[in-house]
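Here's the structure, in structure tokens; my notes come after.
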Amino acid sequence: MEKTAALIAGTTLQCELAARAALDGRRKGLRAFLPFAGPAIIASVGYMDPGNFATNIEAGSTYGYQLLWVVLIANLAAMLFQAMSAKLGIVTGRNLAELCREQFPRSVVVGMWIASEIAAMATDVAEFLGGALGISLLFHVSLLCGLSVTGMVTFAILQLDKGGFRPLELAIAALVGVIGLSYLCELVVAPPDWGAALLHAVVPQLPSGSAITLTVGIIGATIMPHTLYLHSGLTQNRTPARDDRERSGLLRFSNREVVVALGFAGLVNLAMVMMAACAFSRSTTGIADIGVAYRTLVPALGAGAAGVFLVALIASGISSSVVGTMAGQVIMQGFVGFRIPVWLRRLVTMVPAFVIGLSFNATRAMILSQVVLSLVLPLPLVALVVLSSRKSVMGDFVTRKGTAVAALAATVLIA
């Protein structure tokens, strides 16, 4: 046990030394980039969580490729905001919630904290139910059993944080890899109409009134409030900059990681919609239940493809539950200045998921939880734009006018 703990701690130390060597110019190319990979990968999990599965499956099965443009625009906006969040943490050494507490009136801070906690619980409903539903369907056990297993596995992964940031990052990266490979397999089994997909990815349209609710859900499932708070927290103390030259170097590596990690997440989201449009339109339309989607996949694409779909869902649910708990800790510590034990945090956010999962349709609850996230989302977006544009906060790294205008326009559009 002691050897394992020492090995885990050593992994983090090696990463820190490698990052310092890269900043000093002693590592080049990919070897220089890898020590900084991690924060955006963790944040990207929020863009591939079970809420995305629910909204993307309903979008693809109901409207085919017609809502791909929503997924694409939401992911591009996510890149911008996540890069801004990471920059805030790197430059100031504080996370978004901490800066809100320092810079805004107390009444505003309390309101933001309450809204953020509601968003965290809504997030956990989708994340927890998704993993539990995948386990229930794959292993033919009750949903209660799936919820319990998801909770235990999530807590076990969270314990990796005791050995530093690197082991947890590697575990999350492995789960992200499972999700990506699963959807690559699905696209091979069910190849989409690439011409139609490309057309609808760049031509906006809303085919019906019900598509508006689904569009809001897609935005809420893609641009996640809790990942905006978390990303700034993940970067703030990882490799502390000693001067502006090192801050500039950290920002370059951070922006590259955001493009790679969020670009990957965007491709997975597009693949979800295309797979649903291709596979489910063969037999039925308007699938709004993950269980029905799984059972429809068996005759449509075979038991293997259906199993791969559930494996991706389980990996998504577990990884996003871990990330959601981490974000909850950052939010609470930042807004109100205290922490609670991780097991208690996990328990508090699990309870609503248990109640809702055992009382209502799981997939419908997941989709509506994403709509709740969309309603809360403007708060951290506005705070991020305001704080990033203040020279008193960012100094010489204040957001450039063009970036600020783009972020403000995206915020207004989302709101």
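The values are calculated or read from the model by the stated rules, or taken from the named source; none is laboratory data. A quick note: this is a predicted structure, and the numbers were derived from the prediction, not measured. FYI the Cβ positions are ideal-geometry reconstructions off the backbone, even for glycines, and counts take in every protein chain you see.
For the reader, a short list of remarks on this structure follows.
- Considering THR150, THR213, the condition of being modelled with pLDDT under 90, part of a helix (DSSP H, G or I) and over 30 Å from LEU381 (Cα atoms) is satisfied by THR150 alone.
- Residues (within 21 Å of the chain's Cα centre (by Cα) and over 12 Å from LYS87 (Cβ atoms)) located in the range 229-254: TYR229, LEU230, GLY233, LEU234, ASN237, ARG238
- Single condition THR222 does not satisfy, out of (1) touching a Phe, Trp or Tyr at 6+ places or on another chain (Cβ under 7 Å); (2) of a type outside the set (Lys, Arg); (3) at pLDDT 85 or above: (3)
- Of all the criteria given as (1) touching a Ser or Thr at 6+ places or on another chain (Cβ under 9 Å); (2) not β-branched (Val, Ile, Thr); (3) not in a helix (DSSP H, G or I), the one not satisfied by GLN66 is (1).
- Conditions (1) hydroxyl-bearing (Ser, Thr, Tyr); (2) over 29 Å from LEU267 (Cβ atoms); (3) free of Cβ contacts under 8 Å to residues at least 40 places away in the same chain; number of the one not met by THR92: (3)
- Complete set of residues in the range 177-210 that are exposed (fewer than 13 other Cβ atoms within 10 Å of the Cβ), of a type in the set (A, V, I, L, M, F, W, C) and outside any helix (DSSP H, G or I): VAL203
- The residues listed here are PRO35, PRO39, PRO105; of these, the one that is at pLDDT 90 or above, surrounded by fewer than 24 Cβ atoms within 10 Å (Cβ to Cβ) and out of contact with any strand residue (DSSP E or B) (no Cβ under 6 Å at 6 or more places or on another chain) is PRO105.
- Of all residues in the range 95-109, those being touching a residue at least 40 places away in the same chain (Cβ under 8 Å) and either among the β-branched types (Val, Ile, Thr) or part of a helix (DSSP H, G or I) (or both) number 8.
- Criterion (in contact with a helix residue (DSSP H, G or I) (Cβ under 6 Å, 6 or more places away or on another chain), in a helix (DSSP H, G or I) and under 23 Å from ASP244 (Cα atoms)) met by exactly one of LEU88, LEU17: LEU88
- If the condition is being over 24 Å from the mean Cα position of the chain (by Cα) and not small (Gly, Ala, Ser), then the range 163-199 contributes VAL188, VAL189, PRO191, PRO192, ASP193, TRP194, LEU198, LEU199.
- Condition broken by LEU88, with the remaining ones in (1) among the aliphatic types (A, V, I, L, M); (2) out of contact with any His (no Cβ under 6 Å at 6 or more places or on another chain); (3) closer than 17 Å to PRO204 by Cβ; (4) crowded, with 24+ Cβ neighbours inside 10 Å satisfied: (3)
- Among the conditions (1) touching a residue at least 60 places away in the same chain (Cβ under 8 Å); (2) within 30 Å of VAL386 (Cβ to Cβ); (3) part of a helix (DSSP H, G or I), LEU160 misses just one, which is (2).
- Meets criteria (in contact with a His (Cβ under 9 Å, 6 or more places away or on another chain), surrounded by 24 or more Cβ atoms within 10 Å (Cβ to Cβ) and either at pLDDT below 90 or under 24 Å from LEU344 (Cβ atoms) (or both)) for ALA119: yes
- Count of the range 294-343 residues which are in a helix (DSSP H, G or I), modelled with pLDDT under 75 and among the aliphatic types (A, V, I, L, M): 2
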